[in-house]
Amino acid sequence: MDHFSTWSARDNDGACKCCTVGALEDVKHFVVDCPKYAAVRKELIGSLTKLFSTGDAKGTEFLSVLQGKNKNNLLKLILAHEIDHSKVICKKFDKLVHCFLYEIYEIRNSFIFSSKKLSPLNTCVKSGVNDRKVSAKN
Ligand SMILES: [Zn+2]
């Protein structure tokens, strides 16, 4: 996942513009850490918890990741989701994760770019854009 680590950092200071944590806005921060998306993330985890409450070994393994404190494992579960489960569960899982990623991406861009419709290729924060919203580093 290293190629994701400079998602926003390549043309600005890299600090997340959506929260005041002061963290680098890498994929880990975006997907599992940023408090800006906590409510949506909580919804995803709730839905995945229901999905994986199958009583079998795999389901139990995924539940322990969802309920655990290890954010790296959670990130792996969400993004590198080779979840090796039944087709129905895989399909539902993919749909939930895609909706979650879409939603947090929309929240991020409506906050940083004032709801302008942008291609994902043009949503790296340029230096100087919205400096007044940046409290992390200043
Ligand atoms: Zn953040």
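The values are calculated or read from the model by the stated rules, or taken from the named source; none is laboratory data. Every value quoted in this text rests on a predicted model; they were computed, and no experiment measured them. Neighbour counts run over all protein chains shown; Cβ positions are idealised from the backbone, glycine included.
Below is a table of values for the structure above.
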{"item": "Members of the range 28-63 that are within 15 Å of LYS76 (Cα to Cα) and not in a helix (DSSP H, G or I)", "result": "none"}
{"item": "Some residue of the range 49-59 being more than 16 Å from the ligand (Cβ to nearest atom) and among the aliphatic types (A, V, I, L, M)", "result": "yes"}
{"item": "Filter pass, LYS42 being within 16 Å of the ligand (Cβ to nearest atom), modelled with pLDDT of 90 or more and loosely packed, with under 13 Cβ neighbours inside 10 Å", "result": "yes"}
{"item": "Selection status of LEU63, touching a Phe, Trp or Tyr at 6+ places or on another chain (Cβ under 6 Å) and under 28 Å from ASP26 (Cβ atoms)", "result": "yes"}
{"item": "Residue in the range 62-72 that is in contact with a helix residue (DSSP H, G or I) (Cβ under 8 Å, 6 or more places away or on another chain), touching a residue at least 24 places away in the same chain (Cβ under 8 Å) and of a type outside the set (Ser, Thr, Tyr) present", "result": "yes"}
{"item": "Single condition ARG108 does not satisfy, out of (1) within 30 Å of GLY14 (Cβ to Cβ); (2) modelled with pLDDT under 95; (3) surrounded by fewer than 12 Cβ atoms within 10 Å (Cβ to Cβ)", "result": "(3)"}
{"item": "Members of the range 64-94 found to be modelled with pLDDT of 85 or more and not in a helix (DSSP H, G or I), listed by number", "result": "GLY68, LYS69, ASN70"}
